[in-house]
Each structure stands twice: as structure tokens, then as C-alpha cells.
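What follows is a single structure, written as C-alpha cells, with notes after it.
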Amino acid sequence: MHEKQKARDVMTPDPVVLPEDTPVVRAAKLMRDQAIGDVLVTRGDRLRGVVTDRDIVVRAVAETRDISVTPIGALCSTHVVTVDPDQDADDVVRLMREKAIRRVPVVEKGHPIGIVSLGDLAVEWDPTSALSDICAAPPNE
């Protein structure tokens with residue numbers, strides 16, 4: 001069992017954040033270079049949504065959009081479930097289970113400050129699990 005932790009204790013801090021007018025190709029290259037699967041999308045300095053590598057494939061590539069000019073704001077999911085940094089981590093897990101989501105942005109006063117993923121939770125709470133091993137392994141090239 002883990003001690004009472006908050007979202008801030010299990011989140012990955014300083015998530016990759018890009019403005020909504022960023023071209024898809026730039027976001028994709030950033031995901032590749034940083035070995036991540038998602039980018040938080042902002043309008044001004046406020047969270048607007050999340051775009052994932054899957055969003056890029058399904059909503060841009062498969063629809064033959066020009067990824068050099070299509071903005072990530074046109075692809076991102078905007079109905080994003082977020083949590084406060086002081087929310088209990090157990091509540092975050094419950095929320096992820098109820099909503100069937102794999103990652104939750106951590107937002108403070110509308111500003112994204114972190115993200116909690118299934119991998120973060122596995123590494124933090126069960127470092128000997130298969131999921132933890134997979135999440136801790138270097139990405140495929």
C-alpha cells in the first residue's frame with residue numbers, strides 16, 4: 001500500500017505544451033524526439049486539449065490532411081478530464097478507471113503543470129510490475 005499521495009507526487013512535471021496553432025508536423029517531431037505519446041494544447045496560457053500520436057494518425061494522416069499546415073488545435077481532444085495538483089492520487093486513479101483514460105493533465109488555475117499517466121502510477125506504486133518495466137524501458141527506435 002502507498003501512503004497518501006497527491007497528484008503532484010505522481011505526475012510527470014513540466015509536460016510538453018504547445019499552442020493550438022502549432023503545425024501537426026512540429027508536434028509529431030517533438031513527440032518522436034522526446035519519446036512521448038501526447039502533447040498538451042493551449043490557447044493563450046490555458047489548457048485547451050490534448051493531442052496524442054494516435055490523434056495524429058487517425059485525424060490527420062488517415063484523412064490526408066496537410067500536416068505541415070494543419071494546426072494541432074484542429075485535431076486535439078477538447079473534452080479533457082483534468083485534476084488539481086493537490087487531489088489525492090487515489091482519486092486520480094478512480095477517475096482514470098471511471099472515464100477509461102490513460103493520462104490526466106494536472107492543472108493549477110487553468111495552467112498545465114504536469115500529467116499523470118498509467119505508466120507514472122505503475123512506476124510509482126508497483127515498480128516490479130510488467131507495466132512498470134515496459135514504461136521504464138527505452139522507447140523503440
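The values are calculated or read from the model by the stated rules, or taken from the named source; none is laboratory data. Everything numeric in this text was worked out from a predicted model, so none of it was measured. Counting neighbours? That spans all protein chains shown, and the Cβs are built from the backbone with ideal geometry, glycine included.
Would you pick out the residues in the range 47-84 that are more than 15 Å from Thr22 (Cα to Cα) and among the basic types (Lys, Arg)? Within the range 47-84, Arg54, Arg59 qualify. The single condition from (1) crowded, with 16+ Cβ neighbours inside 10 Å; (2) free of Cβ contacts under 8 Å to residues at least 24 places away in the same chain that Thr42 fails is (2).
Collect the residues in the range 17-39 that are out of contact with any strand residue (DSSP E or B) (no Cβ under 9 Å at 6 or more places or on another chain) and exposed (fewer than 15 other Cβ atoms within 10 Å of the Cβ), keeping them in residue-number order. Selection gives Lys29, Arg32, Asp33, Gln34, Ala35.
Check the range 81-102 and report whether any residue there is within 16 Å of Ala27 (Cβ to Cβ) and either assigned to a strand (DSSP E or B) or at pLDDT below 95 (or both). Full working, then the answer.
Looking only at the range 81-102, we keep the residues that are within 16 Å of Ala27 (Cβ to Cβ), and these are none.
No, every residue in the range 81-102 fails to be within 16 Å of Ala27 (Cβ to Cβ) and either assigned to a strand (DSSP E or B) or at pLDDT below 95 (or both).
Exactly one residue out of Asp53, Asp88, Asp33, Asp66 is of a type outside the set (A, V, I, L, M, F, W, C) and touching a residue at least 60 places away in the same chain (Cβ under 8 Å), and it is Asp88.
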